[in-house]
Each structure stands twice: as C-alpha cells, then as structure tokens.
Amino acid sequence: MRRTTVRRLLSTVAAATLVAGGLTLSMSQVAAQTGSATGYATQNGGTTGGAGGQTVRATTGTQIHQALCSRPSTSTPIVIEVQGTINHGNTSKVSGPGCDTAADVIELKKISNVTLVGVGSGAVFDQLGIHIRESSNIIIQNVTVRNVKKSGSPTSNGGDAIGMESGVRNVWVDHVTLEASGGESEGYDGLFDLKNNSQYVTLSYSILRNSGRGGLVGSSESDRSNGYVTYHHNVFQNLDSRAPLLRGGIGHMYNNHYDDIAESGINSRAGARAKVENNYFQDSKDVLGTFYTNERGTWQVAGNVFDGVTWSSQGSENYPAGPNPESTTSVSIPYSYSLDDAGCVPAMLGEISGANKGNRVSDGNCEAENPTDPDPTDPDPTDPDPTDPDPTDPPGGSNLSLGAGADGSSKASGTGYGNVIDGDLGTYWSPNGTTGRISVKWGTPATVSAINIREASGATGAIGSWRVVNHDTGAVLATGSGAGVITFAPTTLRKINFEITGSNGTPRVAEFETYAG
C-alpha cells in the first residue's frame, strides 16, 4: 500500500511562492494585456480583444465611453486600462462612430475588438454592470463588479454584474471578482449571464460570491442557442444556485471550487450537456443535476471531489446526480487544456483567482506523484524489514481522535460519524453508497503525521482507493488503496478528511485513529 505522496502544484516560473498546508505553490504571472484566451473562447477564430490597438487610460465610466466612441469605427482595436471606482455618478452616455453607449451602465454594444482591463490599484464597478450586446472579440480582465441591482435604488440596466445577450461571440472574462450583497428579494440578479444566442465564452480564474444567483446560460427553456462556454479555475462561493444554470448547448467546468452552494450548483437542463472534471465541491447541496424542471440535461463526470455534499431525493422537477454521480453523456472538447488534481483546487484558487491577484495562473501540473523508488542498495522490497512496523499496527503515541469531533458525507442508515472516534471496534460508520468522506476535527489545531483506518468486522478489504486531505487548505496529504496505517509529513490542521474514492463493497470504518508521530 502506498502511504506517502508528494504533490507539485504549480511549476516554478516566477519567484513568487506561497506555502499552504506544507505544500509549495509557485505562481506564473501573465501580463493583463498579453494573456492568451483559454477554453471555448479560443474557438471560432479566437479571442484577442483589443490586441494591436491603441491603449488608453480611464478613471470614470464616461472616459470608458469616450475611449470607445473616439475610435474610427466600431471594430477598431482598443485596450482600455481602468483604474479607480466606476459608478452611476461618473458614467454618462457618449456618442461617436465607434460606440453605442448609455448612461449608468457600461454597455459594449454593437462593437468588437475591445479589451477592458483593471490596472494600478484596481478597478471597481460599483453598483454598475458591464453588459455586452451584439458584440464580439471582447476581453474583460482584472476588475471587480459589485452590488449590481435589477430593482431598487440605484437600478442598473438588466441587473447582471456581467451579462451577454443577442448574438454575442468570443468573450474571455478572466481574473474578475463578481459579488453581491444578497439575492433576488434584495433586488440582485445574476453575476454572469449568457442569453439569446451568446457563444464561445470563457470565464477563468474568477470569484463569484455572496449572491442568490451565480449565472445562467439561456434565459428560458426555449432559449437553447447559447453555449460553448468554459468555466475553469473559478470560485463559486456562498450562492443559492446557478453555478451555472445551463439550458441547451455545451458547458465545460473544470478545476473550479464550489463552496457553500445552498440549493443547487451545476444545473444541466433542457438538453444541455456538461463536462464536469476535477472540481472540488465542498459543504454544498445538489451540486450537479437537473433541477426545477422535467426537461433534463446530461453530464460527463471525472476526477471530482465531493466533500460534505448533501443530495436531495429524486422526484418531479428534481434529478440530482448524486450521491454517486455517474456520467450520462460523453462530451468531446475541441481545445487543449491541462487538469490540476481536484485536491489542489481550494488552496490554489484561494491565492490566484479573482481581481488584483497579479493574474497568476496554474500551469496544470498539480498532480499526485508516486514516492521515490527504493535505492538499488536497499533491501528487496519483498523482504520484511525487522525495524519497520507492520502496516496493521498503530503508530506510537496517543490516538488524537479520542475526545475529538467527527463529521462526513452522507452516512448509511444506522451508522454515525462519532463511531469512528469512540475507541470501539464494534461500532462503525458507512457512507450512503460505495464512496464517501469521514473526518476528524479539533477545536484547536493539532499536528498529525499518521492515521490508522480500521475496518469493521466482516468488511475487511472493502475500502479500495482513497485520499487523505487537509480540510483546512484542500491539500492532499496522501493517496493509495486499502485500510491500515497511512503516513505523511507532519501537518498542523483543525480537520482531516479520509475520502474513499473506490471500494470493493460497502465500506465500514470502525476507527479513524490519528497520531502525531
């Protein structure tokens, strides 16, 4: 049984590094003006924004409009660098040959070849949305859009933080923070919406948070002309639903972190097809499925982590993919991309996603690596080493789980989380299915370097593949298969997860012991 792994999260491209959960993350930086589009925004001729055009600076919404309108034509490339706070008070309508603007909203209408990028101390669009209409080849990067309302005071056109509508093509939105201070009842609408034939869009390295609605693709069950949209390396946090709501078309969701989704997450419906890969779903409900309609969609799943996810029961207009999500379709992706391991996602995205993070990106090399092979001078690995403990023997020292707390994913009837920390091999926890998570947690940080997973009588050998995760950071401490002693580098944490990702029957964990050494 392999009991120790080393994880390399990002390649060393720049000097900037951070240490999280004992793991070193190196960050590569991409200049805002020269970064390359990813995902579906690379298709249909690609997305380059205003590359090659004039670069101008704007500190008000009116100056943004003036920059657009001063172009010789609506397609003349331009890069608009934005700094400061853009709001209703400094955003007026401007006229000219290169624009079609309106007051109190940044409306990129009937134009093409534009980059809007935050620079300097940052760009904040306060209670004022960015709306794209009948336009193409648009890049929006490194900006914050907050508290845009569709009703109440002040009112912004449409209510979306960033919205696309009416024949929009090739948009790349990158390293943005989109946030609200409530849901629909407080006057807020979607954070990132595509409607009425909007296609070839990518949202990357962004944060969507604190809103009732994340975003939709298609405004109704009949609006199925949208799609070819990629969501990667984004954080969806404290949302009710729509992360996203996908009607018709194809969506590709990979390496995103979903945290505290209250009602539903990826809602594939009305014939939509979603490819859902290597995402980390945490402390959320119904993160994938078809919801609020009987017109169902489909999905292809692989490499995802479901940590503290709960699932509702299937019924009319409610078709959750869990508790054991399986693929119901196959989606072919036309562009190249690299997948980070899902276990890396929470810690990594906490450092690099959103506005004002230096536009740092992953190189896609976050993956579990096998331990170094034994040196040729070492004893034959098949020969027992009298100084090594048997894998079934517990490590030395006190079992830190005694007196700690426990929780996990959905449990099978008649079992309890606390059964794994009671010191009694006659009681156990089982997941509600063949895979699941069980965790030990402490009120104050504890240092752990080994765990011992003991299976209940009659279930020996049921546990197949697994991973051990630092719940605080999302870092994967070890991977392998089979129960027993698992060791890793000493790690200080408040909660440690044992995630069963494969089994040979119904797992029964009698004890989840933790040790400092």
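The values are calculated or read from the model by the stated rules, or taken from the named source; none is laboratory data. Keep in mind it's a predicted model, so treat the numbers as computed, not measured. Heads up, the Cβs are rebuilt from the backbone with ideal geometry, glycines too, and the neighbour counts pull from every protein chain shown. Surface areas here come from the heavy atoms of the whole protein model, side chains and all, with no ligands, DNA or RNA. Shrake-Rupley method; radii C 1.70, N 1.55, O 1.52, S 1.80 Å.
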task = Give the residues of region 37-63 that are within 27 Å of Asn147 (Cα to Cα), touching a Ser or Thr at 6+ places or on another chain (Cβ under 8 Å) and assigned to a helix (DSSP H, G or I), sorted by residue number.
result = Ala41, Gly61, Thr62
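Looking at region 64-74 only, could you name the residues that are assigned to a helix (DSSP H, G or I) and open to solvent by 70 Å² or more (accessible area, probe 1.4 Å)?
Gln66 - this is the single residue of region 64-74 that is assigned to a helix (DSSP H, G or I) and open to solvent by 70 Å² or more (accessible area, probe 1.4 Å).
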inquiry  = Only one of Gly474, Gly418, Gly480 is part of a loop (DSSP other than H, G, I, E, B) and either over 28 Å from the mean Cα position of the chain (by Cα) or under 30 Å from Leu349 (Cα atoms) (or both). Can you tell me which?
reply    = Gly474
query = Going through region 88-114 one residue at a time, which ones are open to solvent by less than 30 Å² (accessible area, probe 1.4 Å), over 16 Å from Val168 (Cα atoms) and not hydrophobic (A, V, I, L, M, F, W, C)?
reply = Thr91, Gly98, Thr101
request  = Output the qualifying pairs, or none if there are none: Cβ atoms under 7 angstrom, residues six or more apart or on different chains, first residue in region 408-429 and among the small types (Gly, Ala, Ser), second residue part of a helix (DSSP H, G or I) and surrounded by fewer than 23 Cβ atoms within 10 Å (Cβ to Cβ).
outcome  = Gly408/Tyr417
note = Residue hits (region 192-251; farther than 24 Å from Glu134 by Cβ, outside any loop (DSSP other than H, G, I, E, B) and either of a type in the set (Phe, Trp, Tyr) or open to solvent by 40 Å² or more (accessible area, probe 1.4 Å) (or both)) are Arg209, Asn210, Phe236, Gln237, Asn238, Asp240
query = For Ser413, are the conditions met, namely being at pLDDT below 95, farther than 30 Å from Gly505 by Cβ and small (Gly, Ala, Ser)?
reply = no
remark   = Contact list, first residue from region 306-322 and at positive phi, second anywhere and in a loop (DSSP other than H, G, I, E, B), beta-carbon distance below 6 Å, six or more apart or interchain, is Gly308/Asp283; Glu317/Tyr292; Glu317/Thr293; Glu317/Asn294
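Go through Gly167, Gly163, Gly129 for me and flag whichever is touching a Lys or Arg at 6+ places or on another chain (Cβ under 8 Å) and over 19 Å from Asn359 (Cα atoms).
On the way: Gly167 fails: touching a Lys or Arg at 6+ places or on another chain (Cβ under 8 Å); Gly129 fails: touching a Lys or Arg at 6+ places or on another chain (Cβ under 8 Å).
Only one candidate qualifies: Gly163.
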query = Restricting the search to region 491-517, which residues are hydrophobic (A, V, I, L, M, F, W, C) and either more than 16 Å from Ala478 (Cα to Cα) or assigned to a loop (DSSP other than H, G, I, E, B) (or both)?
reply = Val509, Ala510, Ala516
message = Contact list please: Cβ distance under 7 Å, first residue in region 267-283 and without any contact (Cβ under 8 Å) to a residue 40 or more places away in the chain and outside any loop (DSSP other than H, G, I, E, B), second residue of a type in the set (D, E, K, R) and open to solvent by 10 Å² or more (accessible area, probe 1.4 Å), pairs at least six apart or on different chains.
response = Asn267/Arg242
query = What about Ala483, is it surrounded by 22 or more Cβ atoms within 10 Å (Cβ to Cβ) and in contact with a Lys or Arg (Cβ under 9 Å, 6 or more places away or on another chain)?
reply = yes
query = Just one of the numbered conditions (1) surrounded by fewer than 24 Cβ atoms within 10 Å (Cβ to Cβ); (2) modelled with pLDDT of 95 or more; (3) under 24 Å from Val176 (Cα atoms) is not true of Pro325; which one?
reply = (3)
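With the structure loaded, tell me whether Ala462 is closer than 27 Å to Asn278 by Cβ and surrounded by 23 or more Cβ atoms within 10 Å (Cβ to Cβ) or whether it fails that test. Before you say what the answer is, go through the steps one by one.
Numbers: closer than 27 Å to Asn278 by Cβ: yes; surrounded by 23 or more Cβ atoms within 10 Å (Cβ to Cβ): no.
So Ala462 does not fit the description; no.
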